[in-house]
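Here's the structure, in structure tokens; my notes come after.
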Amino acid sequence: MIIKESVSVEDQINITIDMWKQTGILSKNIKKRRILLTCLIISFLVLVLILIKGYLFQSIIGVSYILWVLAEIIFAKQIYLRKLKKNLRKQYALAAEKFNLPKDKIEVITEITDGYVEAIKLGTSTKFLLKDFLFDIDNEAFYILEFTNGRFLYFKKDAFETKEQYEELLEYIKRFTKNS
């Protein structure tokens, strides 16, 4: 079985973020950000208490800074994701310019054979042994196959005409995995 699909820059960014979620990197980075912001607010509070002399202007600046940092802590995930997407877009644009890659869409060809799944992207072939298949994940935009050692294979939902085609592929992989 051969599956051809075009993956846009936005799809690649969403895949990267989803991989970070699956591996726990995203939650770890958000937790680090919240800890850093909490330390900033505590140090600023200590500084304000040391330097407080009753000036109204200093109090207004102190309160506004504390409210800003609290908002940063509360909305850390949304802010981090927005900044991450912006940085990933910038990095992809730089890589596309430097290595003469397509700037909008990349063609991905996936071939499923008896012993493995082979994904070809930008002339690079990656093989996933079917016996290493663990389970599948279904999110709003992609069908995701997880293999051992934290490897993932993503299919856009529109790469399959119907959900039954994906389920047939999944049954084939599971049947092969059980026979090994």
Open item on the list: Once neighbouring chains are kept in place and the probe is 1.4 Å, which whole percent of the accessible area of the chain is contributed by carbon and sulfur?
Closed with: 61 percent
TODO: Report the one residue of LEU170, ALA95, PHE142 whose Cα lies farthest in the direction of the positive end of the charge dipole of the stretch 41-180 (charges on C-beta: Lys and Arg +1, Asp and Glu -1; origin at the Cα centre).
DONE: ALA95
- [ ] Pick out, from LEU37, GLY62, PHE133, the residue whose Cα sits farthest towards the positive end of the charge dipole of the stretch 1-140, with +1 on the Cβ of Lys and Arg and -1 on the Cβ of Asp and Glu.
- [x] GLY62
- [ ] With 10 Å bins from zero, work out the P(r) of the chain over every alpha carbon pair and list the percent per bin.
- [x] 8, 26, 25, 17, 11, 8, 4, 1
Task: Proximal charge balance of ILE112 [Cβ under 15 Å; K/R count +1, D/E count -1] - done: -4
- [ ] Rounded to the nearest 0.05, what FRET efficiency do LYS98 and PHE44 give with R0 = 45 Å and r taken as the Cβ-Cβ distance? Could you check?
- [x] 0.65
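Kindly state, to the nearest 0.05, the FRET efficiency for GLN22 paired with TRP68, given R0 = 45 Å and r defined as their beta-carbon distance.
Values: r = 32 Å, r/R0 = 0.71.
Computed FRET efficiency for GLN22 and TRP68 comes out at 0.90.
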Open item on the list: Which residues among the stretch 1-43 fall inside the zone where the amide N is under 17 Å from a point 7 Å beyond the Cα of TYR116, along Cα→Cβ?
Closed with: 1-3
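By how many nm would the segment from GLN78 to LEU134 lengthen if fully extended, with 0.36 nm per residue of separation less the alpha-carbon distance? It would help to have the intermediate numbers written out before the result.
Numbers: separation 56, 0.36 × 56 = 20.16 nm, distance 3.04 nm.
Full extension of this stretch gives 17.1 nm more.
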Open item on the list: Once each part is reduced to its C-alpha centroid, what is the distance from the stretch 79-116 to the stretch 120-168 in angstrom?
Closed with: 16 Å
Task: Debye, to nearest 20: dipole size of the chain, +1 on Lys, Arg Cβ, -1 on Asp, Glu Cβ - done: 1280 debye
TODO: Could you provide, to the nearest whole Å², the per residue accessible area of the stretch 97-175 with probe 1.4 Å?
DONE: 61 Å²
Task: Cα-projected label distance for SER59 with ILE2, points at 7 Å along beta-carbon direction, nm - done: 7.5 nm
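Go through LYS21/LYS86; LYS98/LYS157; LYS21/LYS83 and tell me which ones have a Cα-Cα distance over 26 Å in this structure. If you can, show how the numbers build up before the last one.
Values: LYS21/LYS86 17 Å; LYS98/LYS157 31 Å; LYS21/LYS83 16 Å.
LYS98/LYS157, as the Cα separations exceed 26 Å there.
The values are calculated or read from the model by the stated rules, or taken from the named source; none is laboratory data. All figures in this text were calculated on a predicted structure; none of them were measured in a lab. Glycine also receives a Cβ, built like all others from the backbone with ideal geometry; neighbour counts cover every protein chain displayed. These area figures cover heavy atoms from the full protein model, side chains too; ligands, DNA and RNA do not enter into them. Shrake-Rupley method; radii C 1.70, N 1.55, O 1.52, S 1.80 Å.
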